[in-house]
Structure formats: C-alpha cells, structure tokens
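I have placed the structure first, in the form of structure tokens, so that the comments after it can refer back to it.
Just so it is clear, none of the values below were taken in a lab; they were calculated from the coordinates. Everything numeric in this text was worked out from a predicted model, so none of it was measured. As a convention, Cβ positions derive from the backbone with ideal geometry for all residues, glycine included, and neighbour counts pool all protein chains shown.
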C-alpha cells in the first residue's frame, strides 16, 4: 500500500491510498499499482499502520 497526500491551503490534507504489490525482474524490484486500487480511506484494521 502506498500513501499520498494532497494539501489544500487552509484545510486538512486529503490522504489517498493505492493498493500495490511488489514485482521483481532479475535484481530490480518495484511497486506495481493494482487496477482499481485507489482508496480514500485506510483499508488496514490498525489505524496506526496508515498514520505512519
């Protein structure tokens, strides 16, 4: 899961989460976004995971 923030002056940031998975080819490792994986809420049951 990858988290990003959008900031609007004078208000709280908007946090978005993208579900992703690791993919490795040879020695290169990267994140691959899962199709339809954008969320506007933390999908993890432990809220502290999303606050880090």
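General observations
- Computed over the chain with a Gaussian network model linking Cα atoms closer than 10 Å, the most mobile of 35, 11, 24 is 11.
- Estimated 222 nm signal from helices in the chain, with DSSP H stretches of n ≥ 4 weighted -39500 (n - 2.57), rounded to 500: -2000 deg cm²/dmol
- Over all pairs of different C-alpha atoms in the chain, the reciprocal of the mean inverse distance, the Kirkwood hydrodynamic radius, equals 12.6 Å.
- Using R0 = 22 Å, the C-beta based FRET efficiency linking residue 34 and residue 11 works out to 0.15.
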